[in-house]
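For reference, the structure is listed below as structure tokens.
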Amino acid sequence: MAVFAFTGNILGEATKPRGNIFLEATRQKWLSQTVGGHFAYFAVPTNIRALTAFRYRVIDLWRRTLQRRSQKDGATWERIAQLANDYLPKPCNLHPWPSVRFAVKHPR
């Protein structure tokens, strides 16, 4: 649950609609770097479900932000899924198990 509370703070500034175009290159890059940095820090074994939930929550916030921009809601799940696949990294385990990491520094 703490991951979802954390999500709102991370994405608060990037998901505010400004001007006519939400999908600017700088926001896409920032959102990609933010999600990628979160994955880089928390991508430990057995945490893939939490990372997947985090990515889904980011996509949902992005979709809701795009829906608020117009009365003619063009932000369908298909469009959002395509944007997410293009710009957001997918979660994967980036760090090895502790036994493998510590075996390098402290062989027995």
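At-a-glance table
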read-out: Cα centroid separation - segment 37-64 against segment 82-98, whole Å; value: 8 Å
read-out: Cα→Cβ-extended label distance, 7 Å offset, between A81 and V44, nm; value: 3.3 nm
read-out: Modelled FRET efficiency - R0 22 Å, Q67 with H95, Cβ distances, 0.05 increments; value: 0.05
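Read-outs throughout are calculated quantities, based only on the coordinates presented, and are distinct from any laboratory measurement. Predicted model, so just to flag it, every value in this text is computed and none were measured. Cβ sites come from the backbone with ideal geometry, for glycine too, and all protein chains shown count toward neighbours.
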